[in-house]
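Notes follow the structure.
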């Protein structure tokens, strides 16, 4: 019992940097995972990945001018993400181009621009932080930022919940009774960008999408309604963060990959053992009902 | 017809895609409280006309006017409904509450009652908690009719609601349409089964890109009208001349505003 306490609780009690990392990661789980559920239900999972790449040049511009500081890099990432999301969203809504193709076009342009900007300053080891994050070095500024993002996201989800569900379930119906369809879509894209930007402090631009998508994809195997699915995704996210941080602490692994790999383990487990997973649906049931 | 009496008014309405008309120069109006069958071959512009009324398709020329204050329920032929979405039948039917509750309004006890009443009216008692991906085609259609019921709209547009539906379900759904007609709602239904139209619908509009006949259902569906409707060419003609004032059809107040469109069949 004592050993268990030493192993699981003590690191978070003894070290301030572990506490900050835990608080930041838990806030991120609460806000990014439900957003990930909607991203998955809209079949836009890979769009999250594209958005993560699109954020890079904005963060790089902030880095180029101000060095490794959270506010300029976050604002830069936010700007780049919003431009790409709005541009791709507008092209897909106003022309025959579908969302996936326009998103791919915009993020590739954005990514090439990012690489170009990075090369202006030459290679720099600090840039590794941008790409892969530093959850163990979250400062007060970063925690406040993540907290604000989580508060905005949860508030927006509560307000727009029914609209988001309607937009996913039957977009043509929503268009026939209300003009809210396109605005709701853009609000949602803004939430995606906001959470990816919030995550890149902790996990880096490339891995922050992992905390958004993996718990959501895992929750799909357990829940058959949206509300429980979002709750479960947030729980899975929180569990992966705790697991990842402990792994990182005890085995001296980089924290970002440890968190995402923990989420990946939950996902693989869910595929097999979930109530809607392989075992439950593929194994022939011995008996069935008469009606 | 008295303007006050019209629910939907078309004034020289042309709707279409890529400058090719799908509904060509339609004028007239749908009376409040009328029940109209929209009839015509595939590609004759029936669904396009409904999209024009709903407003999801902008006119190429002319005007489609829905009387102010009219609430509208639309059941499309090709629904964009995502059947793999983790929703229950009640969630789907509750979408019909949107016009009443909007974005911010919370659902009230009477709303849940309205949903339950609608489900029982379409014969889906006890289906409320079923996930929508477990419904059969007919059950899903009944659920969508329940959503229209919940919408409680003045103008109801149904696009081929009887496709791939068994006889008993058709009979039940026709019963619902008759009930709406009895409640003085304006109903427009796209139907392919002409016997069904003759049997149940007082009025019909026969389309073949342009209106062929419009009025009493039995006389609209007279053999000579059906023959004329069959003689139109469904395909687009890229060499068709630009439709301009002074052509073979009447052009009351016809305007193209420089955005000329092609006549589909010359």
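Just so it is clear, none of the values below were taken in a lab; they were calculated from the coordinates. These figures come from a predicted structure and were not determined experimentally. Virtual Cβ from ideal backbone geometry, glycine too; neighbours counted across all protein chains shown.
To the nearest whole number, what is the average tally of beta carbon atoms from other chains within 10 Å of the beta carbons of peptide B:69-78? Mind dumping the intermediate values first?
On the way: counts 0, 0, 1, 2, 3, 5, 2, 5, 0, 1.
Per residue, the average neighbour count from other chains is 2.
Could you work out the mean count of beta carbons from other protein chains within 10 Å of each residue's beta carbon in B:145-153? Don't skip to the end; give the middle numbers.
Numbers: counts 0, 0, 2, 0, 0, 0, 3, 0, 1.
Mean number of neighbouring Cβ atoms from other chains: 1.
As a check on your grasp of the helix formula, calculate [θ] at 222 nm for chain B: sum -39500 (n - 2.57) over DSSP H runs of n ≥ 4, divide by the residue count, round to the nearest 500.
Working: 9 runs with 82 residues, N = 266.
Calculated mean residue ellipticity at 222 nm is -8500 deg cm²/dmol.
Taking beta carbons within 10 Å but only from partner chains, what does the mean come to for residues A:155-164? Kindly include the intermediate steps, with their values, before the conclusion.
Numbers: counts 0, 0, 0, 0, 2, 2, 1, 12, 4, 0.
So the per-residue partner count for this stretch is 2.
Based on the Cβ-Cβ distance from residue B:166 to residue A:224, what FRET efficiency comes out when R0 is 41 Å, to the nearest 0.05?
On the way: r = 28 Å, r/R0 = 0.68.
About 0.90, to the nearest 0.05.
Determine one quarter of the surface area of the Cα convex hull of segment B:83-140, which equals its mean projected area, and express it in nm² to one decimal.
Values: hull surface 16.9 nm².
The orientation-averaged projected area of the Cα hull of segment B:83-140 comes to 4.2 nm².
Grab the eigenvalues of the alpha-carbon gyration tensor for segment B:113-157, scale each by 5, take roots, and send me the semi-axes largest first in whole angstrom.
Each semi-axis is the square root of five times an eigenvalue, giving 18, 12, 8 Å.
What percentage of all Cα-Cα pairs in segment B:136-212 are separated by more than 16 Å? Before the final figure, lay out the partial values.
Values: 1482 of 2926 pairs.
In whole percent, the share of Cα-Cα pairs in segment B:136-212 beyond 16 Å is 51.
Taking Cα atoms, how many degrees apart are the long axis of helix B:109-121 and the longest axis of chain B, rounded to 10 and kept between 0 and 90?
Taking Cα atoms only, the helix is inclined about 70 degrees.
Looking at chain A as a GNM with Cα springs under 10 Å, which of A:196, A:174, A:232 has the largest mean-square fluctuation?
Checking each option, the largest mean-square fluctuation is seen for A:174.
Taking the 0 to 90 degree range and rounding to the nearest ten, how far is the long axis of helix B:167-182 tilted relative to the main principal axis of chain B, both from C-alpha atoms?
Relative to chain B, helix B:167-182 is tipped by roughly 80 degrees.
Determine, for each peptide in B:80-92, A:108-120, A:212-224, the mean count of other beta carbons within 10 angstrom over its residues, then list the peptides with the highest first.
Details: B:80-92: 18.7, A:108-120: 15.2, A:212-224: 24.3.
Packing proxy ranking, top to bottom: A:212-224, B:80-92, A:108-120.
Please determine, in degrees from 0 to 90 and to the nearest 10, the orientation of helix B:137-151 with respect to the longest principal axis defined by the Cα atoms of chain B, where the helix direction is its Cα long axis.
So the helix axis and the longest Cα principal axis differ by about 90 degrees.
What are the radius of gyration and Dmax of chain B, computed over its Cα atoms and given in Å?
Over chain B's Cα set, Rg and Dmax evaluate to 19.5, 60 Å.
Compute the whole-percent fraction of alpha carbon pairs in the protein assembly as shown spaced more than 41 Å apart.
Numbers: 59156 of 154846 pairs.
Of all Cα-Cα distances in the protein assembly as shown, 38 percent exceed 41 Å.
Determine the distance separating the Cα centre of segment B:168-220 from the Cα centre of segment A:63-77; give it in Å without decimals.
Using only Cα atoms, the two centres lie 64 Å from each other.
What's the extension gain from residue A:109 to residue A:269 if we count 0.36 nm per residue and subtract their Cα-Cα distance? Mind dumping the intermediate values first?
Values: separation 160, 0.36 × 160 = 57.60 nm, distance 3.68 nm.
Additional length available on full extension: 53.9 nm.
Pairs of alpha-carbon atoms within less than 8 angstrom and 6+ residues apart define the contacts here; what relative contact order does chain A have, in percent? Numbers along the way, then the final one.
Values: 436 pairs, mean separation 75.9, N = 291.
In percent, rounded to a whole number, it is 26.
Given the Cα-Cα distance of residue A:96 and residue A:282 and 0.36 nm per residue of separation, how much length would full extension add, in nm?
Numbers: separation 186, 0.36 × 186 = 66.96 nm, distance 3.93 nm.
Net length gain for the segment: 63.0 nm.
Restricting attention to the alpha-carbon atoms of segment B:1-101, what are Rg (one decimal) and Dmax (integer), both in Å?
15.8, 48
Which value in nm describes the separation of the simple spin-label points at residue A:179 and residue A:289, placed 7 Å from the Cα toward the beta carbon?
Label-label distance for residue A:179 and residue A:289, simple model: 4.7 nm.
Quick one: P(r) of segment A:1-71 from all Cα-Cα pairs, 5 Å bins, percents rounded to integers, in order of increasing distance.
3, 12, 11, 13, 16, 16, 12, 10, 5, 1, 0
Return the distance in nm (one decimal) between the two label points of a simple spin-label model at residue A:151 and residue B:117, each offset 7 Å from Cα along Cα→Cβ.
So the label points at residue A:151 and residue B:117 sit 4.4 nm apart.
Just need log10 I(q)/I(0) for segment A:2-204 at q = 0.18 Å⁻¹, Debye formula, equal scatterers on the alpha-carbon atoms, no solvent, rounded to two decimals.
So the normalised log intensities work out to -1.22.
Set the Förster radius R0 to 45 Å, insert the Cβ-Cβ distance between residue B:84 and residue B:222 as r into 1/(1 + (r/R0)^6), and round the FRET efficiency to 0.05. Display every interim value, and only then the final one.
On the way: r = 46 Å, r/R0 = 1.02.
Efficiency, rounded to the nearest 0.05: 0.45.
Roughly what percent of Cα-Cα pairs across segment A:179-286 reach past 19 Å? Could you put the intermediate results ahead of the total?
Details: 3032 of 5778 pairs.
Of the Cα pairs, 52 percent sit more than 19 Å apart.
Before rounding to the nearest 500, sum -39500 (n - 2.57) across all DSSP H runs of length at least 4 in chain A and divide by the residue total; then give [θ] at 222 nm in deg cm²/dmol.
On the way: 13 runs with 240 residues, N = 291.
Estimated from H runs of four or more residues: -28000 deg cm²/dmol.
In whole angstrom, how far apart do the alpha carbon centroids of segment A:209-264 and segment A:1-61 sit?
What the calculation gives is 8 Å, centre to centre.
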